[in-house]
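The values are calculated or read from the model by the stated rules, or taken from the named source; none is laboratory data. Model, not experiment: these values are computed from the prediction. Don't worry about glycine lacking a Cβ; one is built from the backbone with ideal geometry, like all the others, and counts go over all protein chains shown.
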Amino acid sequence: MSSEKVVLIFILCLSMMSAGHCIDRKHFVLVHGVCHGAWSWYKVKPLLESAGHKVTTLDLAASGINMHNIDNVNTFAQYTEPLLQLLATTSSNEKVILVAHSLGGLNIALAMDKFPQKVAVGVFLTAFAPDTEHNPSYVLLKYAERIPLSTWMNVKFEPSGNKTSILFSPMYMSSNLYQRSPAQDLELAKSLVRTSSLFVEDLAIQMKFSKEGYGSVSRSFIVCTEDLTIPMEYQQWMIQNAVIDDVLSIEGADHMAMNSKPRELFDSLQKIATKYA
């Protein structure tokens, strides 16, 4: 190849990079936590996209702008259906990076169990990380044993069909979820959170996640050091219990790391993507 052609290819590649091509482009699927929605990723999504990646954020059933009412969502599988539908329609030769926050860890575990061949890595951002030895409710029940009821400041728990619904109170969000996040993000959350459920009753009767499905997919955990909702001690317990070897940490991040430390979260996701996808 002549030197002129080499120079031309180099120039073309540089111009394509500015348009999001000639980059090792990944497909990130960002899954929100309980009571939240796709809106909670509004800072991280553009950071990933500006790096050339494809990013999908979605609302789980009865979350964000999803039109379902939580009273009519009876099972965890129904709650997860938007994510399962997405993976079902993803090309067979594409592997996504699933990123879950908080309760979303159980959503991506279910998705990984059903579509292991379509997931490059599952990322648990201070998220509930199940194992393959117990049923899916195990990490929630162990959590309830360690977190006293006194910490749930005015959080509303009510009967909702065959389950218990949950709605975060402004006081709880301010003190335990968003305590290191900008005030604007707390105000946004106050206006957008919706009643949801932890679906403990349904998860308690479901089969454990399989070693051949969920257990076969690479998993990473991102620890948030100032999380008051899922404290570091419990994050570390889940990491050991689920046997997750790849662990990153974001210093100073509260439970809502996508708000309090968006740039650091972006950097962590870039590292994981480079390693696994």
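Looking at segment 10-24, can you tell me whether even one residue there is of a type in the set (Val, Ile, Thr), more than 13 Å from the chain's Cα centre (by Cα), at pLDDT below 95 and not in a loop (DSSP other than H, G, I, E, B)? Let's see the steps before the verdict.
Narrowing segment 10-24 to residues of a type in the set (Val, Ile, Thr): 11, 23.
Those left that are additionally more than 13 Å from the chain's Cα centre (by Cα): 11, 23.
In the following step, the residues that additionally are at pLDDT below 95 were identified as 11, 23.
In the following step, the residues that additionally are not in a loop (DSSP other than H, G, I, E, B) were identified as 11.
Checking segment 10-24: at least one residue is of a type in the set (Val, Ile, Thr), more than 13 Å from the chain's Cα centre (by Cα), at pLDDT below 95 and not in a loop (DSSP other than H, G, I, E, B).
For residue 135, are the conditions met, namely being without any contact (Cβ under 8 Å) to a residue 60 or more places away in the chain, in a loop (DSSP other than H, G, I, E, B) and not basic (Lys, Arg)?
Here the answer is no, as residue 135 does not meet what is asked.
Looking at 47, 110, 84, can you tell me which residue is in contact with a Phe, Trp or Tyr (Cβ under 9 Å, 6 or more places away or on another chain), under 26 Å from residue 184 (Cβ atoms) and part of a helix (DSSP H, G or I)?
Result: 47 is the single residue among 47, 110, 84 that is in contact with a Phe, Trp or Tyr (Cβ under 9 Å, 6 or more places away or on another chain), under 26 Å from residue 184 (Cβ atoms) and part of a helix (DSSP H, G or I).
Would you check which residues across segment 173-223 are of a type in the set (Val, Ile, Thr) and farther than 20 Å from residue 70 by Cα and list them?
Of all residues in segment 173-223, those of a type in the set (Val, Ile, Thr) come to 193, 195, 200, 205, 217, 222-223.
Residues satisfying the conditions are 217, 222, 223.
Any idea which of 142, 190 is in contact (Cβ under 8 Å) with a residue 24 or more places away in the chain and of a type in the set (Lys, Arg)? Give the steps one after another, and end with the answer.
On the way: 190 fails: in contact (Cβ under 8 Å) with a residue 24 or more places away in the chain.
142 is the lone residue from the list that is in contact (Cβ under 8 Å) with a residue 24 or more places away in the chain and of a type in the set (Lys, Arg).
Which of (1) surrounded by fewer than 17 Cβ atoms within 10 Å (Cβ to Cβ); (2) hydroxyl-bearing (Ser, Thr, Tyr); (3) touching an Asp or Glu at 6+ places or on another chain (Cβ under 6 Å) is the odd one out, the single condition residue 175 does not satisfy?
Of (1) surrounded by fewer than 17 Cβ atoms within 10 Å (Cβ to Cβ); (2) hydroxyl-bearing (Ser, Thr, Tyr); (3) touching an Asp or Glu at 6+ places or on another chain (Cβ under 6 Å), only one is false for residue 175: (3).
Does segment 146-158 contain at least one residue that is among the basic types (Lys, Arg), under 20 Å from residue 236 (Cα atoms) and not in a loop (DSSP other than H, G, I, E, B)?
yes
Restricting to segment 232-270, name every residue that is closer than 29 Å to residue 138 by Cβ, touching a Ser or Thr at 6+ places or on another chain (Cβ under 7 Å) and of a type in the set (Gly, Ala, Ser).
Those that are closer than 29 Å to residue 138 by Cβ, touching a Ser or Thr at 6+ places or on another chain (Cβ under 7 Å) and of a type in the set (Gly, Ala, Ser): 249, 253, 257, 260.
How many residues does segment 29-52 hold that are touching a Leu at 6+ places or on another chain (Cβ under 9 Å), of a type outside the set (A, V, I, L, M) and either surrounded by fewer than 24 Cβ atoms within 10 Å (Cβ to Cβ) or under 17 Å from residue 124 (Cα atoms) (or both)?
So the answer is 10.
Checking residue 153 against (1) aliphatic (A, V, I, L, M); (2) in contact (Cβ under 8 Å) with a residue 40 or more places away in the chain; (3) surrounded by fewer than 16 Cβ atoms within 10 Å (Cβ to Cβ), only one condition comes out false. Which one?
Result: residue 153 fails condition (2) only.
Please find, within segment 113-130, the residue that is surrounded by the fewest Cβ atoms within 10 Å (Cβ to Cβ) out of those that are among the hydrophobic types (A, V, I, L, M, F, W, C) and not in a strand (DSSP E or B).
Among those that are among the hydrophobic types (A, V, I, L, M, F, W, C) and not in a strand (DSSP E or B), it is 115.
Give me the pairs: first residue in segment 248-277 and closer than 11 Å to residue 123 by Cβ, second residue assigned to a loop (DSSP other than H, G, I, E, B) and not acidic (Asp, Glu), beta-carbon distance under 8 Å, and six or more apart or on different chains, which are they?
That search, which allows pairs on different chains as well, returns 265/253; 273/26; 273/53; 276/218; 277/26; 277/95.
Filter segment 78-101 down to residues that are out of contact with any helix residue (DSSP H, G or I) (no Cβ under 7 Å at 6 or more places or on another chain) and small (Gly, Ala, Ser) and give me whichever is surrounded by the most Cβ atoms within 10 Å (Cβ to Cβ).
The extreme case among them is 88.
Which pairs turn up if I take residues in segment 196-208 that are crowded, with 16+ Cβ neighbours inside 10 Å and look for partners that are modelled with pLDDT of 95 or more and of a type in the set (Lys, Arg) with beta carbon separation below 7 Å, at least 6 apart in sequence or on another chain?
That search, which allows pairs on different chains as well, returns 197/163; 199/163; 201/163; 202/163.
For segment 179-209, enumerate the residues that are more than 20 Å from the chain's Cα centre (by Cα), more than 18 Å from residue 162 (Cα to Cα) and of a type in the set (S, T, N, Q).
Those that are more than 20 Å from the chain's Cα centre (by Cα), more than 18 Å from residue 162 (Cα to Cα) and of a type in the set (S, T, N, Q): 184, 191.
Residues checked against (1) over 25 Å from residue 175 (Cα atoms); (2) buried (at least 21 other Cβ atoms within 10 Å of the Cβ); (3) at pLDDT below 95:
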| position | (1), (2), (3) |
| --- | --- |
| 215 | yes, no, no |
| 220 | yes, yes, no |
| 240 | yes, no, no |
| 245 | yes, no, yes |
| 258 | no, yes, no |
| 267 | yes, no, no |
